[in-house]
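The structure appears below as structure tokens.
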Amino acid sequence: MKAPTALIADDEDAMRDMLRTRLAECWPGLAIVAEAANGLEAVALAGRHQPDVVFLDIRMPGLSGIEAARMLFNRCHIVFVTAYDQYAIEAFEQGALDYLLKPVGGERLKTTCARLESRIGQRPTDIAAQLSRLLDGHAGTAGGGSRTGRDYLHWIQAQVGSSLRMISTREILFFQADEKYTRVQTAQGEVLIRKTLKELADELDPDEFWRIHRSTLVRVDAIAEVTRDLRGRQMVRVKHCAEQLEVSRGNTHLFQQM
Amino acid sequence: MKTATTGARGALGFVRELGETASSLWWQFFDWLAQVPMRQLVITWVLALLLTATPAIHPEQAVAFIFISLGLKVLAGGKRKAEIEARRASQQAGTEELERRLVEAQMAALQAQVEPHFLFNTLALIGQLIETDPPQAAQIHQHLIDYLRSTLPQMRSRGNGTLARQITLSRSYLAIMQARMKTRLAVSIDVPPELESATFPPMMLQILIENAIKHGLEPKIEGGRIDIRAASAGTMLQVDVQDDGVGFSRYAGDGIGLANVRERLKLVYGTRAGLQIETPAEGGCRATIRVPFAPDIFAEHAR
């Protein structure tokens, strides 16, 4: 039987050095055939070298360790290496995956090595279900990805000179349709964007912004008070802004007395 | 012709000002009347009657004053007094509410700061360097101590509020990140010496820098650079944190960090300060904080 082989993936050289040194102490028979500095490289090198074991850091550029594991799990045994990640660790403890905490060393690594040694040659356990569970829990930290339900627009982009300014929806008081443009009003001032009010209404969180008029979307948190003017129309006054916004007849139900 | 118009406008302005002064005096008198205790009012009446003995005041005027003030006090005084008290109470409640929110926001900023992931990764790095490169291990160890000292709430001392102090704290953090990311992270800091003593709220620069690294540069395979610049324009101090990382998602949540910075700026400076996020045409992300700035006129002499 050929000597067991392994691949180490971590974006920090010092951490790869550490794991390589410790593995040499705990399991001298294991040959490290390749080292990767990001998730994409890990998947490519694993394809080329076909190692028995892959040690994957979780937070890596390119692909996260968990995404990389999803592409590799039925070809090799996976061990995650992480500095701190309470969610992931909780999930590993329930399942068949193995994990190591940085700094790696001591008895914990010996246990892992013994477990791996006994399993090399067997088919890797099917961990697809656990990985997808981990990925769901990880969407937030891995950057992007969708959480449960749909994603609403949280930033409005406005062209200012050669830059795009990103305006958090929490800063916005209201949107108002203005001929070809839409006016975005904040406490600091206003900017014009090309997105139509209809597109905005579709993409924004309907609990965050209410459509009070055909041409007005107002942020609920920014409403200071609702009054009636002399003609009986409902008018919304917004914090930090002198302007009054009209509520169209069809939308007065939004502000009915409790 | 032109001077005539200016003259007319000047006269109009004068009349308007007179009207405003009169109305404000009247309201001051009304407020005083509403709040003054009955006993003091009676004493004022007696004084007014005594003054009728002098030629300055006619008895009719004193009597008219007594009648008008008594009438107003009885008819409208109570309501006005309640209004004034209510306004004062709500102002005080408003101030207390603002102070409470500011303290809460500051605590949240400090608590959110030391990320366990950062701490454990740095400790693991020090552990590894002790074996391979002890002098560097000692350096990183010192940077970590400096970072924690200025970040952990219990250890925070006064005098953290200058730009120089904030830059020092971030330098320790950036040195640690450079040791971890090696060539994937380039840093430049450009702060003119005259701005170092400027007042700058704590932990804001650090939050922007951590965002730039965590969301901009760490996810980028080849890494990138982060530029920190400070400049003053008149009475405003502007601090930029720019990276050339992966950019910014419109669907990403505002995050606790940025929302906290924005909330604290609003509580301390109202609308005079602001946080602005831009994605420049060349890519990456630029975050800018602007706060009011009073040039330190003693800085030259102190040096």
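General observations
- Residue in segment B:151-172 that is at negative phi, within 14 Å of chain A (Cβ to nearest Cβ) and not hydroxyl-bearing (S, T, Y) present: no
- Single unsatisfied condition, B:L205 versus (1) part of a helix (DSSP H, G or I); (2) within 11 Å of chain A (Cβ to nearest Cβ); (3) surrounded by 22 or more Cβ atoms within 10 Å (Cβ to Cβ): (2)
- Exactly one residue among A:I193, A:I212, A:I167 is among the β-branched types (V, I, T) and away from chain B (no Cβ under 14 Å), and that residue is A:I212.
- For segment A:29-43, the count of residues that are within 18 Å of A:C113 (Cβ to Cβ), free of Cβ contacts under 8 Å to residues at least 24 places away in the same chain and out of contact with any helix residue (DSSP H, G or I) (no Cβ under 6 Å at 6 or more places or on another chain) is zero.
- Only one entry in A:R70, A:R20 is in contact (Cβ under 8 Å) with a residue 12 or more places away in the chain and more than 12 Å from every other protein chain (Cβ to nearest Cβ), namely A:R70.
- The residues of segment B:232-262 that are in a helix (DSSP H, G or I) and at the interface with chain A (Cβ under 9 Å from one of its Cβ atoms), listed by number, are B:L258, B:A259, B:R262.
- Within segment B:263-283, the set of residues being in contact with a Pro (Cβ under 8 Å, 6 or more places away or on another chain) and part of a helix (DSSP H, G or I) comprises B:R264, B:L265, B:V268, B:Y269, B:R272.
- Residues being within 14 Å of chain B (Cβ to nearest Cβ), surrounded by 12 or more Cβ atoms within 10 Å (Cβ to Cβ) and modelled with pLDDT of 70 or more are represented in segment A:91-99 by at least one member.
- So A:R150, is it farther than 28 Å from B:G270 by Cα, within 12 Å of another protein chain (Cβ to nearest Cβ), at pLDDT below 90 and exposed (fewer than 13 other Cβ atoms within 10 Å of the Cβ): yes
- Residues (farther than 17 Å from B:I289 by Cβ and either surrounded by fewer than 19 Cβ atoms within 10 Å (Cβ to Cβ) or without any contact (Cβ under 8 Å) to a residue 40 or more places away in the chain (or both)) located in segment B:225-247: B:R225, B:V246, B:G247
- Which listed residue, of A:A3, A:A34, is within 19 Å of A:P124 (Cβ to Cβ), surrounded by fewer than 22 Cβ atoms within 10 Å (Cβ to Cβ) and modelled with pLDDT of 90 or more: A:A34
- Of all residue pairs spaced 6 or more apart or on separate chains, those with beta-carbon atoms under 8 Å, a first member in segment B:123-147 that is more than 9 Å from chain A (Cβ to nearest Cβ) and farther than 14 Å from A:M18 by Cβ and a second member that is surrounded by fewer than 17 Cβ atoms within 10 Å (Cβ to Cβ) and among the polar types (S, T, N, Q) are B:D146/B:T168.
- Across segment A:156-169, a minimum of one residue is classified as touching a residue at least 12 places away in the same chain (Cβ under 8 Å), among the small types (G, A, S) and assigned to a strand (DSSP E or B).
- Leading residue by the ranking (surrounded by the fewest Cβ atoms within 10 Å (Cβ to Cβ)) among those in segment B:260-285 that are more than 14 Å from the chain's Cα centre (by Cα) and among the small types (G, A, S): B:A281
- Applying the criterion of being in a strand (DSSP E or B) and either of a type in the set (D, E) or touching a residue at least 40 places away in the same chain (Cβ under 8 Å) (or both) to the residues of segment A:170-179, the residue that is farthest from the other protein chains (Cβ to nearest Cβ) is A:D178.
- Condition check for B:G253: modelled with pLDDT under 90, on the phi > 0 side of the Ramachandran plot and surrounded by fewer than 22 Cβ atoms within 10 Å (Cβ to Cβ): no
- Within segment B:269-303, the residues that satisfy the criterion of being at pLDDT below 90 and among the basic types (K, R) are B:R272, B:R303.
- Sole residue being of a type outside the set (G, A, S) and in contact with a helix residue (DSSP H, G or I) (Cβ under 8 Å, 6 or more places away or on another chain), chosen from B:W27, B:W45, B:W32: B:W45
- Just one of (1) touching an Asp or Glu at 6+ places or on another chain (Cβ under 7 Å); (2) in a loop (DSSP other than H, G, I, E, B) fails for A:K195. It is (1).
- Residue match in segment A:58-66 (condition: among the charged types (D, E, K, R), more than 18 Å from A:L109 (Cα to Cα) and without any contact (Cβ under 8 Å) to a residue 60 or more places away in the chain): no
The values are calculated or read from the model by the stated rules, or taken from the named source; none is laboratory data. Values in this document were obtained by computation on a predicted structure and should not be read as measured data. Cβ atoms come from the backbone with ideal geometry, glycine included; neighbour counts cover every protein chain shown.
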